[in-house]
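Quick notes on the structure that follows.
The values are calculated or read from the model by the stated rules, or taken from the named source; none is laboratory data. A quick note: this is a predicted structure, and the numbers were derived from the prediction, not measured. A quick note on method: Cβ atoms are made from the backbone with ideal geometry, for glycine too, and the neighbour counts reach across all protein chains shown.
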Amino acid sequence: MPKLDVRATGAGVALSVLVAILGFFFGFPPVGELIGAGAGGYLAGRLARRDGLLHGAIVGALAIVVASIAASAGTAEVTNILVDTLSIVVSDVLLLGLASFGGWLATRS
């Protein structure tokens, strides 16, 4: 099992959340969240200098947890549960994919 660099992963999650918040304030929440996941995964892989795919995937998973907690704090009303669920699944897959790709990109030879 590869060893996880907690410092690198924490820095990646922090960058991911910061970029997502900036995207929200500038009026592009989904774009900010996706760019943040990719940048956070890249940073984690770069700081860890090994196992970039793993570090990026962990950043993506934690970014999903943070986004879910933030979304549940609001009082959103769901009008179509199927469409809402599908959009969440697609968004989460994109976040994980981009964060993993960013981590892999940072450590490829």
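Quick notes
- The residue that is nearest to His55 (Cα to Cα), among those in segment 93-103 that are surrounded by 17 or more Cβ atoms within 10 Å (Cβ to Cβ) and of a type outside the set (S, T, N, Q), is Gly103.
- Output for segment 9-59, where each listed residue is touching a Phe, Trp or Tyr at 6+ places or on another chain (Cβ under 8 Å) and among the aliphatic types (A, V, I, L, M): Leu53
- Candidates Leu54, Leu43 - the one that is touching a helix residue (DSSP H, G or I) at 6+ places or on another chain (Cβ under 9 Å), surrounded by 12 or more Cβ atoms within 10 Å (Cβ to Cβ) and either farther than 14 Å from Val13 by Cβ or without any contact (Cβ under 8 Å) to a residue 60 or more places away in the chain (or both): Leu54
For (1) within 17 Å of the chain's Cα centre (by Cα); (2) at pLDDT below 90, each residue gets a yes or a no:
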{"residue": "Ile58", "(1), (2)": "yes, no"}
{"residue": "Ser68", "(1), (2)": "yes, yes"}
{"residue": "Glu77", "(1), (2)": "no, yes"}
{"residue": "Val90", "(1), (2)": "yes, yes"}
{"residue": "Ser100", "(1), (2)": "yes, no"}
{"residue": "Gly103", "(1), (2)": "yes, no"}
{"residue": "Ala106", "(1), (2)": "yes, no"}
{"residue": "Ser109", "(1), (2)": "no, yes"}
